[in-house]
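Just below is one structure, and these are the notes that go with it.
The values are calculated or read from the model by the stated rules, or taken from the named source; none is laboratory data. None of these values were measured; they are calculated from a predicted model. Here Cβ is always computed from backbone atoms with ideal geometry, including for glycine, and neighbour counts include all displayed protein chains.
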Amino acid sequence: MSVQEYFSLVVTDYTLRTITLGTAILGIVCGMLGSFAVLRKQSLLGDAISHAALPGIVIAFLISGAKNSNMLLIGALVSGLVGTFWISGIVKKTHLKSDTALGLILSLFFGFGMLLLTFVQKMPNAQQAGLDKYLFGQAATLVESDVWLMAIVMGVSLLVLLLFWKEFKVQHFDPDYSKSLGFNTRFLDVIMTTLIVLAIVIGLQTVGVVLMSAMLLAPAAAARQWTNNLGIMIFLAAVFGALSGIFGTAISATSNNLSTGPLIVLVAAVFVVISFVFSPGRGLLFREIRHWKNRNDLQLHKTLHFMYEIAKTHEDISHPHKVKILNNFQGYTRNSLKNLEDREYITVDGAMWSLTQKGYNKAMNLYNQQENSYD
Amino acid sequence: MTSAQIEIQLIACIVAVACAIPGTFLVLRRMAMISDAISHSILPGIVVGFFLTEDLNSPWLILLAAFSGIITVVLVEYIQKTGLVKEDTAIGLVFPSMFSIGVILIAKNAGDVHLDVDAVLLGELAFAPFDRLIINGMDVGPKSLWVIGTILLLTLTLLITFFKELKISTFDTQLAATLGFSPVIIHYGLMTVASVTTVGAFDAVGAILVVALMIAPPAMAYLLIKDLKRMLVLSAVFGIIGALLGYWVAHWLDASIAGSITTVLGVLFFFIYLLAPNSGLISVLYRQRRQKVEVHLLTFLLHLQNHTEKSERHINHLYEHINWHKVKAQSVLDLALKNNMITIEDSIISLTEKGETFTSEAINYIITNKSAAIEEMKDRFFLFRG
């Protein structure tokens, strides 16, 4: 399928439009709330909750007896919340650390879910097959009501974020200050955790248990590299999330046999890699360039200082010297000489060099901390 | 019991012990989530290995898969070292990406691969005895038994050989480095063992049960015991109990073995979490409540010591002054009376000699910043604890 065909299909084809819209909205929700998860250092909570949701889904199925999507979501929400609060209970009340608590809840809840799942598989109920999609996610099963639900969750989280913006901001960067201001930190915590669990639960159907954590983290981790401002970070994360959803769906639609969930995650991962490498402030590329520049400057300064030590012994600082005497000096190259000349620190005449007044002053103050010697 | 049943239980027990050993160190080193990451990110390794060998129990496949587990660890560490994101975020980014690559590799070659993502994640212990290892026409047992048995032997050998190094580097990295053990080598050695164990076990019990067996038994042991050697033994015992009990529960319910082993572990953990003598929830809550009352008592005694005038020491006045509820004030008052620290005459409270000494000593510890010594002091003075 070509790109044009794809775009015309998005407009005309009901299924494709629903899926694209659904994954995009999911990306936005996950990006927004994931930013908080990353900043709260709860990145792996998403992984734990998505696994912990399984027993809830299965129990809801066993109780309701039918594959009513909303019932299953409520089940997932309840068991996800139970898991989350048990995790914080373990961390607060015992000496087990958060990673152990996360791993425990993740594996124990999921295992329990698997046990329950075997009972479902024995039921003579044709609808049972639908449960599998929660494990590995099937964006293709999204219908309009699912998208509406996602849109509602997006609206609610946006509203809550706007309402409690100041409180959340203070609480995430300075919890003690927030407490001393009299904000009800426990209440805010519960609200944020509930929203994150909600986002995970609605995403399960689309990308599945395993990949949900990346859906939550990747856009936020990518956005974090571009800005130090929380508002901009959340906005960027939402954009990255939406783009991952749209591109992932597009790639999966144009090449058959590839499931949407993994593709969305891989697209998000590409965003992360690009941000890690190319972001101007924190990116690896620019960091390397800065290091390289600093190293060069350092060598240049060393050479300049060496010249200064020589020139100092003469009455006339611009007394010419042979280039040869620099030969055994580390850091001296033809390039660095030229570089020094470009900066008018020295003048080169054939095989002789001489320090200029500017270079002399510069070299004199080179190791003087008081003087701001950056240039 | 049929021989297949015995074999299944044997495999489950060996897997449990093989997982408990690296698991203990992972839990102590605060890297428990790495086991989850490894268990998912071995998928691409398994898929590639399966293309090449067409055999889920081939040693090459196990090595390849373990290698992709190690790549995950290296990647996580590299990302973490750049300082762009925290360690947990790095873990959360790497393993879903690896897993996605695995899923896509399977989907791309769906025609010629008989490999199911479900099978990798969930495993099916009940089928393990059907895949036999045949040497020279002789049936020597299920393949997975040999695979995991070899891994357990290797792990045990490494554990015994490097026990001292592992112990020191786990509890004091800097000391280990100054003594000349490379923390990096020990770290990657541990990661390699964890990866190999995960890969060796996933076929039989599934990735999730591997994670459960690696984390839950050591966590339970850690709640009960603080000695490394005993913790290792106890985690292995818990693992075996979980495996055997889980097997029979599954047998009785006719359900997934991996699921029921995990569930049994979960129930065990829940009880230990509640009831562990010193670190369990109930004992922690009890201790916190007691400490709270005892702090109140100390505040109360200090108040008495500070005020010699009678009006300040009248019972009713105290209720108002320290601003406590009646019930709370009464319980503190009772505690002080029981411990012979105060006497009450005509509703006027005064410190006894013992109360006097206790308060002076306590205040001395507090102002010299040795509050911890107060606990020991309580043992000396208190006849009844709060």
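For segment A:1-54, residues that are buried (at least 17 other Cβ atoms within 10 Å of the Cβ) and at positive phi total 0. On the basis of being closer than 23 Å to B:Leu234 by Cα, of a type in the set (Val, Ile, Thr) and not in a loop (DSSP other than H, G, I, E, B), does B:Thr178 make the cut? No, not satisfied.
Yes or no, residue by residue, for (1) in a helix (DSSP H, G or I); (2) modelled with pLDDT of 90 or more; (3) under 27 Å from A:Leu115 (Cβ atoms):
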site: B:Leu152; (1), (2), (3): yes, yes, yes
site: B:Thr157; (1), (2), (3): yes, yes, no
site: B:Ile160; (1), (2), (3): yes, yes, no
site: B:Val184; (1), (2), (3): yes, no, no
site: B:Phe202; (1), (2), (3): yes, no, yes
site: B:Leu209; (1), (2), (3): yes, no, yes
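Looking at B:Ser35, B:Ser41, B:Ser97, just one residue is among the small types (Gly, Ala, Ser), at the interface with chain A (Cβ under 7 Å from one of its Cβ atoms) and in contact with a Gly (Cβ under 7 Å, 6 or more places away or on another chain), and that residue is B:Ser35. Take the residues in segment B:265-278 that are in contact (Cβ under 8 Å) with a residue 12 or more places away in the chain, more than 9 Å from chain A (Cβ to nearest Cβ) and assigned to a helix (DSSP H, G or I); name whichever of them is farthest from A:Leu106 (Cα to Cα). The extreme case among them is B:Ile272.
If you go through segment A:249-265 one residue at a time, do you hit one that is touching a strand residue (DSSP E or B) at 6+ places or on another chain (Cβ under 8 Å) and surrounded by fewer than 18 Cβ atoms within 10 Å (Cβ to Cβ)? Spell out how you get there, then give the answer.
Of all residues in segment A:249-265, those touching a strand residue (DSSP E or B) at 6+ places or on another chain (Cβ under 8 Å) come to none.
Looking for residues that are touching a strand residue (DSSP E or B) at 6+ places or on another chain (Cβ under 8 Å) and surrounded by fewer than 18 Cβ atoms within 10 Å (Cβ to Cβ), one finds none in segment A:249-265, hence no.
Against the definition (modelled with pLDDT under 90 and farther than 30 Å from B:Ala107 by Cα), how does A:Gln205 come out, yes or no? So A:Gln205 fails the test. The condition of being in contact (Cβ under 8 Å) with a residue 12 or more places away in the chain and either crowded, with 19+ Cβ neighbours inside 10 Å or closer than 22 Å to A:Leu72 by Cα (or both) holds for only one of A:Val272, A:Val239, that being A:Val272.
Tell me the helices (runs of 4 or more DSSP H) entirely within segment B:279-386 that contain at least 3 residues that are within 40 Å of the chain's Cα centre (by Cα) and among the charged types (D, E, K, R).
Working: elements: B:281-306, B:315-321, B:326-338, B:353-367, B:373-381.
Of the helices (runs of 4 or more DSSP H) lying wholly inside segment B:279-386, those with at least 3 residues that are within 40 Å of the chain's Cα centre (by Cα) and among the charged types (D, E, K, R) span B:281-306, B:373-381.
Scanning segment B:207-258 for residues that are facing chain A (nearest Cβ under 9 Å) and either over 25 Å from A:Leu102 (Cβ atoms) or in contact with a strand residue (DSSP E or B) (Cβ under 8 Å, 6 or more places away or on another chain) (or both) returns B:Val249, B:Ala250, B:Leu253, B:Asp254, B:Ala255. Looking at A:Gly80, is it facing chain B (nearest Cβ under 8 Å) and in a helix (DSSP H, G or I)? No; evaluated as a whole, the condition is false for this residue. Residue pairs whose Cβ atoms lie under 6 Å apart, sitting 6 or more positions apart in sequence or on different chains, and linking a residue in segment A:9-29 that is under 15 Å from A:Leu243 (Cβ atoms) to a partner that is basic (Lys, Arg), are A:Val10/A:Arg17.
Screening segment A:260-317 for residues that are within 14 Å of chain B (Cβ to nearest Cβ) and of a type in the set (S, T, N, Q) and picking the one that is farthest from the chain's Cα centre (by Cα) gives A:Thr260.
May I ask you to say which residue of A:Val170, A:Val209 is in a helix (DSSP H, G or I), without any contact (Cβ under 8 Å) to a residue 40 or more places away in the chain, of a type in the set (Val, Ile, Thr) and in contact with a helix residue (DSSP H, G or I) (Cβ under 6 Å, 6 or more places away or on another chain)? Result of the check over A:Val170, A:Val209: A:Val170. The set of residues in segment A:334-364 that are surrounded by 14 or more Cβ atoms within 10 Å (Cβ to Cβ) and assigned to a loop (DSSP other than H, G, I, E, B) comprises A:Arg343, A:Tyr345, A:Thr356.
For segment A:32-53, residues that are assigned to a helix (DSSP H, G or I) and of a type outside the set (A, V, I, L, M) total 7.
Of the residues making up segment A:173-206, those that are of a type in the set (Gly, Ala, Ser), in a helix (DSSP H, G or I) and free of Cβ contacts under 8 Å to residues at least 24 places away in the same chain number 2.
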